[in-house]
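Here is the structure we will look at, set down as structure tokens.
The values are calculated or read from the model by the stated rules, or taken from the named source; none is laboratory data. Values in this document were obtained by computation on a predicted structure and should not be read as measured data. A quick note on method: Cβ atoms are made from the backbone with ideal geometry, for glycine too, and the neighbour counts reach across all protein chains shown.
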Amino acid sequence: MRQDHDYESELSDIRLKLSDIHNDIRSFIDSTGHQHLDSVVRSVKDDYSGVIVRHLMDDAGKGLEKNMVKKCEMRGECKGLLSNVLQKNAGLIMNDTVNEASIEENRLELKKLRTMVPYDKCDICFAEASDIMSRQVTLMRSMKIYETNSEKRYDLSQLPPEVVVDDILEPLCHQKRFDILKAITGETRSFSALSNLTGLRGGNLLFHLQKLMESGMIIQRHERGDYMITGKGFKVMEGVSSIYSSLNPPKGTEKE
């Protein structure tokens, strides 16, 4: 009983620490930057990773026991095989970082096991195992030790300044160009429509349009055709909107 009490106490500490990190993430970044936040996350992981792995395996055991098909002669064997894969996946938490290939390897192992069992009802057991693995991966994300390749962001120190300035910042630095991008974010616009919108005429408007086209923010559909925003331009505008929203939250949503 004492051991169970200590275990629950440790899990409670984990939840509190992760909750604190989640709730205070904005103030951490604002006051001391990403490096301090990363050090806090690493400290929690180092102190509690073993307990977290035990918690995940306890969760996996309960899930499999409750939701696997009850009347099946292969239940015990399959439960052992699925538990092994889930334990290997949960053990990744002990690493400083978890790469996408490791997660995918464990997912493929589950799929391979599924091809080796004979019944349609086996889908129920493997669906439960897949759900458990997804919860494990979600926890890895919350601990900031796992992200897919598509989610990864460059370290600020590694950003190439000439590319960022020339391809992103400089094209946006003029109000008229920003007005153009806003105008065509939701629909295509003709040269004359953009001229009326910006108040620019002839060569002056063409100069700004050329800047945006050279940076890959917009394209002209065909010669003398309408202008439309590109995928790059749309992502840049989404980023600007996100930055503006974080600095100027709507009234009533500011953090107390």
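Quick notes on this structure:
- Of the residues making up segment 186-232, those that are closer than 21 Å to D166 by Cα and among the polar types (S, T, N, Q) are N204, Q210, S215, Q220, T230.
- Scanning segment 223-234 for residues that are over 23 Å from S195 (Cβ atoms) and surrounded by fewer than 11 Cβ atoms within 10 Å (Cβ to Cβ) gives a single hit, G231.
- Hits in segment 178-201 (condition: of a type in the set (K, R) and farther than 11 Å from M228 by Cβ): K182, R201
- Pairs where the first residue, in segment 196-223, is over 17 Å from K182 (Cα atoms) and assigned by TED's automatic domain parsing to the domain that holds I180 and the second is in a loop (DSSP other than H, G, I, E, B) and not acidic (D, E), C-beta under 8 Å, 6+ apart: R221/T188
- Note on segment 45-69: residues that are among the polar types (S, T, N, Q) and either farther than 14 Å from L82 by Cβ or at pLDDT below 80 (or both) amount to 1.
- Residue in segment 151-169 that is surrounded by 11 or more Cβ atoms within 10 Å (Cβ to Cβ), touching a residue at least 60 places away in the same chain (Cβ under 8 Å) and either outside the structural domain of I229 (by TED's automatic domain parsing) or under 30 Å from L81 (Cα atoms) (or both) present: no
- Test: L181 is modelled with pLDDT of 90 or more, in contact with a strand residue (DSSP E or B) (Cβ under 6 Å, 6 or more places away or on another chain) and of a type in the set (A, V, I, L, M, F, W, C): no
- The residues of segment 184-241 that are within 16 Å of P171 (Cβ to Cβ), of a type outside the set (A, V, I, L, M) and touching a strand residue (DSSP E or B) at 6+ places or on another chain (Cβ under 8 Å), listed by number, are T185, Q220, Y227, T230, G233.
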